[in-house]
Each structure stands twice: as C-alpha cells, then as structure tokens.
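Engineer: Dropping the structure in here first, questions after.
The values are calculated or read from the model by the stated rules, or taken from the named source; none is laboratory data. From a predicted model like this one, the values you see are computed outputs, not experimental measurements. So basically every Cβ, Gly included, is an ideal-geometry build from the backbone, and we count neighbours across all protein chains shown. The area values use the complete protein model at the heavy-atom level, side chains included, leaving out ligands, DNA and RNA. Shrake-Rupley method; radii C 1.70, N 1.55, O 1.52, S 1.80 Å.
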Amino acid sequence: MSKPIVILGSARGDGNTRKLVERTFKNQEKDLIDLTMFRVNYYTYDYRHMDDDFLFLAEKMLNYEHIVFATPVYWYAMSAQLKTFFDRLTDLVSVKKEMGRMLKGKTMYLISCGSDGELPEGFEIPFQASATYLDMNFGGHLHGWMEQGKVAAEVQDKITSFVQPIQ
Ligand SMILES: Cc1cc2nc3c(=O)[nH]c(=O)nc-3n(C[C@H](O)[C@H](O)[C@H](O)COP(=O)(O)O)c2cc1C
C-alpha cells in the first residue's frame, strides 16, 4: 500500500501533534493509529502481554510501505506512549520474528511536535538507529510547533519536501 500509516504517540488524540499530522497530510490520504485508543503494555522479558493490542497494531502496520511515527516532544524525548510501542517492537525480533522480517525494506518517517523549533541533540537517533536495526530505510523527519494554535508558518514551508517521497 503506498498510502502511509501514521502511528500517533501523543497523550491526547486531538492535540498539537495530531494537528501537525493533519496539516502534513492535508492533500493526501493516510491512515492513522492513535495509540491512546489502544492497550499497549510495557515490554516484559516473559512476553506476558501478548494478548494486548500490540500484535493487532503491528499486523496492521505491516500492510504499509511508509510508516510515520508522530510524537510530541516530552521531556526532550519521544513520548512514553511511543517509546512503549517501540519497546514492544522487541516482540517482532524475538517471539514473532516472521513479522519483524516483514519490516525489511519499508521506510520509517518521523514527525515531532514541540513547543518551539529547538530539538535536543540526538532526538532522531532512536528512530534512525531502529530503522537500521530493523533493515528499514529512514525517510525523513519533520519537526514542527504551533503559533497561536496553528502550525507555525515556518513549519508549513517544510511540509511539502517532507511529504514528497511519501506517495
Ligand atoms: C509532559 C510534557 C513535557 C514536555 N516537554 C517538552 C520538551 O522537552 N521540549 C519541548 O519543546 N516541548 C515540550 N513540551 C511541550 C509539547 O511538546 C508541545 O506542547 C506539543 O505541541 C504537545 O503536543 P500534544 O498536544 O500532541 O501533546 C512538553 C509538554 C508536556 C505535556
């Protein structure tokens, strides 16, 4: 499927990160998983949470070639909601390896939303390094922020080049 899937990791489904995602894909179709709507438990070494929503979401995600992780900046890092989802990717390289292998060749993108244009050094590293580890490509990063409740004008200028490869 060339339509992208967005995994939204905000603490609220209708917040600023969602606004930035909607603005980014204003002119093209996308599907979206709002993690607040699902039960994704922490990773555990005994894989005791295999009956929560993670595998259902992972199976859905595997239908897409373009996978966009969207996160607010919380305490200089990705949100806990998204980090919990990332930790559970461990299930896909251990007990569900056949699913993990299906990530190979897909492209990961990152959308982040903070209070301003400043991002801590290394913010992208967990995404880029995870993409490499999972044999995925890293397709780009859009960082945005709001001004008077709207996506800042400076960010709007960057959206066109960010979405260009996501077709
Ligand atoms: C718990 C928390 C921590 C935050 N930490 C940062 C931060 O470290 N850097 C930053 O730029 N903004 C920070 N912010 C501001 C949010 O990133 C910003 O308001 C963002 O637009 C919120 O998106 P949301 O509505 O999807 O949650 C923080 C906000 C919260 C609630």
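Engineer: Would you please give the residues with an amide H less than 5 Å from that of TYR74, counting only those at least 5 places away or on a separate chain, with H modeled from the backbone geometry?
Structural biologist: HN-HN under 5 Å from TYR74: SER79.
Engineer: Tell me, what % of the accessible area of the chain is carbon and sulfur with a 1.4 angstrom probe?
Structural biologist: Carbon and sulfur atoms account for 49 percent of the accessible area of the chain.
Engineer: What would the Debye formula give as log10 I(q)/I(0) at q = 0.20, 0.24 Å⁻¹ for the alpha-carbon point model of the stretch 26-85, no solvent?
Structural biologist: -0.91, -1.15
Engineer: A further question on this structure: Please compute the length gained on full extension between PHE38 and ALA80, using 0.36 nm multiplied by the number of residues separating them and subtracting their Cα-Cα distance.
Structural biologist: Here the segment from PHE38 to ALA80 would lengthen by 13.7 nm.
Engineer: For the stretch 14-150, what relative contact order do you get, as a whole percent, if you take Cα pairs closer than 8 Å and at least 6 residues apart?
Structural biologist: So the answer I get is 26 percent.
Engineer: What is the calculated FRET efficiency for LYS97 to GLN156, with r their C-beta to C-beta distance and R₀ = 41 Å, to the nearest 0.05?
Structural biologist: Once the sixth-power term is evaluated, E becomes 0.50.
Engineer: Positive end of the dipole of the stretch 14-147, charges at C-beta (+1 Lys, Arg; -1 Asp, Glu), about the Cα centre: which of THR90, ASN63, THR107 has its Cα farthest in that direction?
Structural biologist: ASN63
Engineer: What are the DSSP H helices in the chain that stretch 15 Å or more along their long axis, judged by alpha-carbon atoms, and whose average Kyte-Doolittle hydropathy comes to at least 0.0?
Structural biologist: Long hydrophobic helices here: 153-163.
Engineer: Now a separate question. Could you tell me whether the stretch 1-42 comes out rounded, prolate or oblate from its Cα gyration tensor? Rule is a ≥ b ≥ c as square roots of the eigenvalues, rounded for a/c under 1.5, then prolate if a/b exceeds b/c, otherwise oblate.
Structural biologist: Judged from the Cα gyration tensor, the stretch 1-42 comes out oblate (a/c at least 1.5, b/c at or above a/b).
Engineer: Just to confirm the filter: which GluC sites (Glu not before Pro) across the stretch 73-167 are DSSP coil and have at most 11 other Cβ within 10 angstrom of their Cβ?
Structural biologist: Counting only loop positions with at most 11 other Cβ atoms within 10 Å, the GluC sites (Glu not before Pro) in the stretch 73-167 are GLU118, GLU121.
Engineer: Let me ask another. Scan the chain and report its longest stretch carrying no chymotrypsin sites (Phe, Trp or Tyr not before Pro) that are both in a DSSP loop and have at most 16 other Cβ atoms within 10 Å.
Structural biologist: Longest run free of exposed loop sites: 77-167.
Engineer: Do any of LYS83/LYS106; LYS60/LYS150; LYS26/LYS104; LYS96/LYS158 go past 26 Å between their Cα atoms, and which?
Structural biologist: In this structure, LYS60/LYS150; LYS26/LYS104; LYS96/LYS158 exceed 26 Å between Cα atoms.
Engineer: Along each of the three principal axes of the Cα atoms of the stretch 61-149, give the extent in whole Å, ordering the values from largest to smallest.
Structural biologist: 46, 23, 21
Engineer: With a 1.4 Å probe and every protein chain left in place, tell me how much accessible area LYS97 has, in Å² to the nearest 10.
Structural biologist: It works out to around 100 Å².
Engineer: For a distance above 21 Å, tell me the whole-number percent of Cα pairs in the chain that qualify.
Structural biologist: Percent of Cα pairs beyond 21 Å in the chain: 44.
Engineer: How large is the accessible surface per residue of the stretch 5-152, computed with a 1.4 Å probe and reported in Å² as a whole number?
Structural biologist: With the other protein chains kept in place, the stretch 5-152 gives 51 Å² per residue.
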